[in-house]
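Structure first, then comments.
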Ligand code: PRX
């Protein structure tokens, strides 16, 4: 079944300025891509050679997707912290600014840390962790605001061979406890409080509440706002006290390339969040190489990724990618609309940012506020724009390029996932024409393939042609996740069993005749809310934990700003009356259970959920109703109670 899909989409040519001094022209991309798939070992041996290795790898890619066993650079030894910091200091670049910190409050103090200073801070944190008893292989939970110490905590763990598990600062105590428990982490690093949009985030208090449920050996607390907090004697330590008198040297632990580097929890279609496991060597090379080519970074430039270090984008493109490239990266504690809707542009202007990488949801939110906030600021320093996290609608793309990029600079729309470690499909700024709404072409070594429901191949790079289907990747790449922490079977089951021998991304996708990929969104029960991945099952579990709820089904629906909103169908226990108050209470309940990012947008009470006679909830129908798409509900005759549908539609229309 070959689909022929027309893409009348506009083509935006590579801007002239992007061609000058680019690290990769179209001819180079084509030659390099072809080499990367025909001789992946030769290609990745060369890319990896930019890093320092204690023992240079001779084995490069060794992998199988059936059974699942993935290794890259298996006999190599290195340390990613050395490659991110010490290597640049040793090369005489210690005075180059590594991180610029821009606080939440525009009147607050900007901080700049050179590579030498960031190294010294990392050594201090590393030695403090050692003093607490943290050893190689231990899991350390990091629950930090967007301050340099967040990056320092990650780098310090990497330096001593501890495995970091960063938990986004917006997650609830229950979510923290679950993650601590899942990876049996004995250590936590947090701050007293975080600040976002003028609001205080009680990080230490949240950790305290989590630790009522699960025990750890010690908590290291970074003082940030200076707010009064509770310190538990014997368990909690102030970083500025414990780290005051540690040694100024801390040799990097020699890591095997396949030693774990970090765990990052992400939502799946079923069950609790999965601890995606990344290892050292392949991830280091993948983030170094993708950052280098996609952002085409040039010495002296200021690069700003607006993500949070609690997400994979922050891991790969605030910390490891930029720092391994010796770049100057900006870290922003705040939000786009505080104190006003021009905050992003004010920061770009203030720090003369050259490369700006953000999420479509932020662009859509700012677009709504009009261009007056943009034109107030001089954005002429910008050379490259990026987008990540969810499909960007062409309208938002154009607004971004025309108003922020003055219609002159490239936009890279980068598709990737927590599990891929780094960027997989994108245009390269000096090489590829752009098509608003399409992520572009595969990065080096990436072999995308579109398959139908039965696994039949519709299109890939060898067949060419246009098609639409489910997006798989057929070969391994160095940045690929190796497992789910402690559950390799679930890893195999989740990603490699739908289409045996292939990595299934969970995304739907179209390929046009020019070989451009257009991600259409998730095809599983995962929704993407403001670029954040959310398992509908997680929200359902949270809802049914409430005493008055009998059953819940959660689906996504189109939302102007968030991309997708969270739509909850809720059945209450017998005798309980629906009310607006109860809906508000349930919303609050989900925030407490998971965190504010999971707050339901719409709660619709229904006397029952539509089920098949065998008791399976018919989500397809619920999705269509939430989308206000009543015309294509499909066959409802298999429902145990078809009359329910009318009530559901009526309930939807009343919203
Ligand atoms: O559906 C895709 C969407 O985000 C999912 C991955 O989410 P997460 O692991 O949280 O990582 C987000 C940051 C890399 C994907 O399965 N997604 C990510 N980037 C894009 C995207 N969808 C369309 N276009 C993108 N550029």
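Between 40, 57, which is in contact with a helix residue (DSSP H, G or I) (Cβ under 7 Å, 6 or more places away or on another chain), modelled with pLDDT of 95 or more and farther than 23 Å from residue 118 by Cβ? Result: 57 is the single residue among 40, 57 that is in contact with a helix residue (DSSP H, G or I) (Cβ under 7 Å, 6 or more places away or on another chain), modelled with pLDDT of 95 or more and farther than 23 Å from residue 118 by Cβ.
Residues in segment 589-622 that are outside any helix (DSSP H, G or I) and in contact (Cβ under 8 Å) with a residue 60 or more places away in the chain: how many? Going through segment 589-622 one residue at a time, the tally reaches 4. Every condition in (1) at pLDDT below 95; (2) surrounded by 13 or more Cβ atoms within 10 Å (Cβ to Cβ) is met by residue 600 except one, and the failing one is (1). Within segment 422-439, residues that are free of Cβ contacts under 8 Å to residues at least 40 places away in the same chain and farther than 17 Å from residue 472 by Cα have Cβ atoms under 8 Å from residues that are away from the ligand (no atom under 14 Å from the Cβ) and part of a loop (DSSP other than H, G, I, E, B) in these pairs: 427/410; 427/433, counting only partners at least 6 apart in sequence or on another chain.
Note on segment 379-426: residues that are in a loop (DSSP other than H, G, I, E, B), more than 19 Å from residue 301 (Cβ to Cβ) and within 11 Å of the ligand (Cβ to nearest atom) total 10.
The set of residues in segment 242-257 being over 30 Å from residue 75 (Cβ atoms) and assigned to a loop (DSSP other than H, G, I, E, B) consists of 243, 244, 245, 246, 247, 248. Any idea which residue in segment 464-481 is farthest from residue 258 (Cα to Cα), counting only those that are within 16 Å of the ligand (Cβ to nearest atom) and touching a helix residue (DSSP H, G or I) at 6+ places or on another chain (Cβ under 9 Å)? For segment 464-481, the residue satisfying everything is 473. For segment 624-637, a residue qualifies if it is surrounded by fewer than 17 Cβ atoms within 10 Å (Cβ to Cβ) and in a helix (DSSP H, G or I), and the qualifying residues are 630, 631, 632. Only one entry in 245, 296 is under 30 Å from residue 216 (Cβ atoms) and away from the ligand (no atom under 16 Å from the Cβ), namely 245. Is there a residue in segment 630-650 that is closer than 30 Å to residue 203 by Cβ and either in contact (Cβ under 8 Å) with a residue 60 or more places away in the chain or over 34 Å from the mean Cα position of the chain (by Cα) (or both)? So far as segment 630-650 goes, no, none of its residues is closer than 30 Å to residue 203 by Cβ and either in contact (Cβ under 8 Å) with a residue 60 or more places away in the chain or over 34 Å from the mean Cα position of the chain (by Cα) (or both). Scan segment 407-420 and give yes if some residue there is surrounded by fewer than 20 Cβ atoms within 10 Å (Cβ to Cβ), under 22 Å from residue 346 (Cβ atoms) and more than 25 Å from the chain's Cα centre (by Cα), otherwise no. Yes: one or more hits.
Conditions tested, residue by residue: (1) in contact (Cβ under 8 Å) with a residue 60 or more places away in the chain; (2) under 19 Å from residue 293 (Cβ atoms).
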| site | (1), (2) |
| --- | --- |
| 18 | yes, yes |
| 23 | yes, yes |
| 34 | no, yes |
| 44 | yes, yes |
| 56 | no, no |
| 67 | yes, no |
| 84 | yes, yes |
| 90 | no, no |
| 93 | yes, no |
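Mind listing whichever residues of segment 546-588 are in a strand (DSSP E or B), over 30 Å from the mean Cα position of the chain (by Cα) and crowded, with 17+ Cβ neighbours inside 10 Å? Within segment 546-588, 549, 551, 571, 572 meet the criteria. Residue 354 satisfies every condition listed in (1) within 30 Å of residue 558 (Cβ to Cβ); (2) under 23 Å from the mean Cα position of the chain (by Cα) except (1).
Within segment 250-268, not a single residue is away from the ligand (no atom under 16 Å from the Cβ), touching a strand residue (DSSP E or B) at 6+ places or on another chain (Cβ under 9 Å) and either on the phi > 0 side of the Ramachandran plot or modelled with pLDDT under 95 (or both). Of all residues in segment 538-560, those being within 16 Å of the ligand (Cβ to nearest atom), under 17 Å from residue 620 (Cα atoms) and out of contact with any helix residue (DSSP H, G or I) (no Cβ under 8 Å at 6 or more places or on another chain) number 1. Total residues in segment 366-396 satisfying the condition of being under 22 Å from residue 352 (Cβ atoms), touching a residue at least 40 places away in the same chain (Cβ under 8 Å) and within 18 Å of the chain's Cα centre (by Cα): the figure is 1. Only helices (runs of 4 or more DSSP H) whose full extent lies in segment 259-378 are considered here, and the ones with at least 2 residues that are surrounded by fewer than 18 Cβ atoms within 10 Å (Cβ to Cβ) are 343-351, 372-375. The set of residues in segment 170-200 being buried (at least 19 other Cβ atoms within 10 Å of the Cβ) and either without any contact (Cβ under 8 Å) to a residue 24 or more places away in the chain or closer than 17 Å to residue 229 by Cα (or both) consists of 173, 188, 189, 190, 191, 192, 193, 194, 195.
Any residue in segment 428-449 that is over 21 Å from residue 9 (Cα atoms), at pLDDT 95 or above, within 16 Å of the ligand (Cβ to nearest atom) and touching a helix residue (DSSP H, G or I) at 6+ places or on another chain (Cβ under 9 Å)? Scanning segment 428-449, I find at least one residue that is over 21 Å from residue 9 (Cα atoms), at pLDDT 95 or above, within 16 Å of the ligand (Cβ to nearest atom) and touching a helix residue (DSSP H, G or I) at 6+ places or on another chain (Cβ under 9 Å), so the answer is yes.
Of the residues making up segment 509-518, those that are surrounded by fewer than 21 Cβ atoms within 10 Å (Cβ to Cβ) and near the ligand (Cβ under 9 Å from one of its atoms) number 0.
The values are calculated or read from the model by the stated rules, or taken from the named source; none is laboratory data. Because the structure is a prediction, the values reported are computed rather than measured. Please note: Cβ atoms are built from the backbone with ideal geometry, for glycine as well, and neighbour counts cover all protein chains shown.
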